[in-house]
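Enquirer: Provided herewith is a single structure, encoded as structure tokens, for subsequent inquiry.
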Amino acid sequence: MKNTNKTSRTLVNVIGIPSLLYIIYAGNLLFLLLLAAIMLIGASELISLSKIKAADPFELILYTGLLGVCAFHYFHIEELILQWVMFIVLVSMLFEVFRNSDSPFLNIAFTSLGIIWIGVLIGSMITIRYEYGLAVTLSMFLSVWTCDTFAFFFGKTFGNKKVLPAISPKKTWLGSGAGLIGSFLCMSVFYYGGDLHYGYLSSEFQLPTYLNLCDIVVLSIIYGFFGQLGDFAESAFKRDIGVKDSGDFLRGHGGILDRFDSLTFAAPLTLIYLNGIAI
């Protein structure tokens, strides 16, 4: 079993990571389709988890809600997403009134969580790619991955004192600190690679010139600190439900929600920050 998981992890790394990087680079419809797939698979994982808690949310409502979010992104009418989310929640509540279910409250709660967590928070990556471009999106992904890598290596090798052992028993303070430093180092590579500094990056991979060093520090904190909080948040969900992984879609890596837990916090906070400095 260990050899199987190791082989699966290797295949995901060798095939999945380059494919994801290419899709981020390509953008446009290809990136939208990737996020739509992530949302739908994530929704299926959430529905499976809800059944462990004796809930039975109506799947079609959640899937329709998520596809609607993707459609609004594709047609560049993101301002209607909030109204769409409210509509889906209301439909879910009305449906439960006439459904005669044993757990209407949990059904509505899981549907609402799904449309907000998966649709709005994870879906914010679509807006970032469309509105702020390749360099911002790529630096976000790579900074989060660098954080995870630094946290894992330094935490496992040198870490001792645990951060939140009741939620995530393997995470250490030293590993978390190393992850934050890793995010800053990654963002520094993008920042100093622009024409205003050393100019070793081609223009398409350069961050917007309106981002200064203070912005880089803030974004690094978003990726290296709040991104880790996204990991802890999903761990708390799984701990409550009593599972190790959200699913087994990515053999050896857990589920889709496991792989995008850090970005669940990092992406929307990045969008909020960038929208704020753009005003």
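The values are calculated or read from the model by the stated rules, or taken from the named source; none is laboratory data. Remember, predicted model here, so these are calculated numbers, not experimental data. Glycine gets a Cβ as well: all are built from the backbone with ideal geometry, and neighbour counts include every protein chain shown.
Enquirer: Can you name every residue in the range 93-143 that is part of a helix (DSSP H, G or I) and touching a Cys at 6+ places or on another chain (Cβ under 9 Å)? Quick ask: steps written out before the conclusion?
Expert: To start, the set of residues in the range 93-143 that are part of a helix (DSSP H, G or I) comprises 93-99, 104-122, 124-143.
Matches in the range 93-143: 119, 126, 139, 142, 143.
Enquirer: Test residue 276 against the criterion of being in contact with a Cys (Cβ under 9 Å, 6 or more places away or on another chain) and either within 26 Å of residue 153 (Cα to Cα) or part of a helix (DSSP H, G or I) (or both), and give yes or no.
Expert: On the way: in contact with a Cys (Cβ under 9 Å, 6 or more places away or on another chain): no; either within 26 Å of residue 153 (Cα to Cα) or part of a helix (DSSP H, G or I) (or both): yes.
Against the criterion (in contact with a Cys (Cβ under 9 Å, 6 or more places away or on another chain) and either within 26 Å of residue 153 (Cα to Cα) or part of a helix (DSSP H, G or I) (or both)), residue 276 does not qualify.
Enquirer: Turning to a different aspect of this structure: Here is a list of conditions, (1) closer than 30 Å to residue 175 by Cβ; (2) surrounded by 18 or more Cβ atoms within 10 Å (Cβ to Cβ), and residue 115 meets all of them except one; can you say which number that is?
Expert: Failed condition: (1).
Enquirer: Now, a different point. Here are 188, 246, 176: which of them is in contact with a helix residue (DSSP H, G or I) (Cβ under 8 Å, 6 or more places away or on another chain) and outside any helix (DSSP H, G or I)?
Expert: On the way: 188 fails: outside any helix (DSSP H, G or I); 176 fails: outside any helix (DSSP H, G or I).
Just one listed residue meets the conditions, 246.
Enquirer: List, please: which pairs have Cβ atoms under 7 Å, are six or more places apart or on different chains, and start with a residue in the range 217-231 that is more than 15 Å from residue 172 (Cβ to Cβ) and end with one that is surrounded by fewer than 18 Cβ atoms within 10 Å (Cβ to Cβ) and at pLDDT below 95?
Expert: That search, which allows pairs on different chains as well, returns nothing.
Enquirer: So which residues in the range 191-232 are hydroxyl-bearing (Ser, Thr, Tyr), in a loop (DSSP other than H, G, I, E, B) and in contact with a Leu (Cβ under 7 Å, 6 or more places away or on another chain)? Let's see the steps before the verdict.
Expert: Residues of the range 191-232 hydroxyl-bearing (Ser, Thr, Tyr): 191-192, 198, 200, 202-203, 209-210, 220, 223.
Within this subset, residues satisfying the condition of being in a loop (DSSP other than H, G, I, E, B) are 198, 200, 202, 209-210.
Within the range 191-232, 209 is the sole residue that qualifies.
Enquirer: Quick one: in the range 249-262, of everything that is without any contact (Cβ under 8 Å) to a residue 60 or more places away in the chain and either part of a helix (DSSP H, G or I) or in contact with a helix residue (DSSP H, G or I) (Cβ under 8 Å, 6 or more places away or on another chain) (or both), which residue is farthest from residue 194 (Cα to Cα)? Outline the logic, then answer.
Expert: Of all residues in the range 249-262, those without any contact (Cβ under 8 Å) to a residue 60 or more places away in the chain come to 254, 258-259, 261.
Checking which are either part of a helix (DSSP H, G or I) or in contact with a helix residue (DSSP H, G or I) (Cβ under 8 Å, 6 or more places away or on another chain) (or both) leaves us with 258-259, 261.
Details: 258: 33, 259: 30, 261: 30 Å.
Among them, the one singled out is 258.
Enquirer: Moving on to the next point. What residue, of 207, 174, 196, 180, is touching a residue at least 60 places away in the same chain (Cβ under 8 Å) and not charged (D, E, K, R)? It would help to see each step written out before you state the result.
Expert: Values: 174 fails: touching a residue at least 60 places away in the same chain (Cβ under 8 Å); 196 fails: touching a residue at least 60 places away in the same chain (Cβ under 8 Å); 180 fails: touching a residue at least 60 places away in the same chain (Cβ under 8 Å).
The conditions single out 207.
Enquirer: Restricting attention to the range 151-161, does a residue exist that is within 22 Å of the chain's Cα centre (by Cα) and either of a type in the set (Phe, Trp, Tyr) or at pLDDT 95 or above (or both)?
Expert: The answer is yes, given that some residue of the range 151-161 is within 22 Å of the chain's Cα centre (by Cα) and either of a type in the set (Phe, Trp, Tyr) or at pLDDT 95 or above (or both).
Enquirer: Moving to a separate point now. Being more than 22 Å from the chain's Cα centre (by Cα) and of a type in the set (A, V, I, L, M) narrows it down to one of 67, 82, 60, so name that one. Please lay out each step first, then the result.
Expert: On the way: 67 fails: more than 22 Å from the chain's Cα centre (by Cα); 82 fails: more than 22 Å from the chain's Cα centre (by Cα).
60 is the lone residue from the list that is more than 22 Å from the chain's Cα centre (by Cα) and of a type in the set (A, V, I, L, M).
Enquirer: Taking residue 235 as the residue in question, decide whether it is more than 17 Å from residue 180 (Cα to Cα), small (Gly, Ala, Ser), in a helix (DSSP H, G or I) and modelled with pLDDT of 90 or more. Talk me through it step by step, then tell me what you get.
Expert: On the way: more than 17 Å from residue 180 (Cα to Cα): yes; small (Gly, Ala, Ser): yes; in a helix (DSSP H, G or I): yes; modelled with pLDDT of 90 or more: yes.
In short, yes.
Enquirer: If residue 68 meets every condition in (1) in a loop (DSSP other than H, G, I, E, B); (2) within 14 Å of residue 116 (Cα to Cα); (3) not hydrophobic (A, V, I, L, M, F, W, C) apart from one, which number is that one?
Expert: (1)
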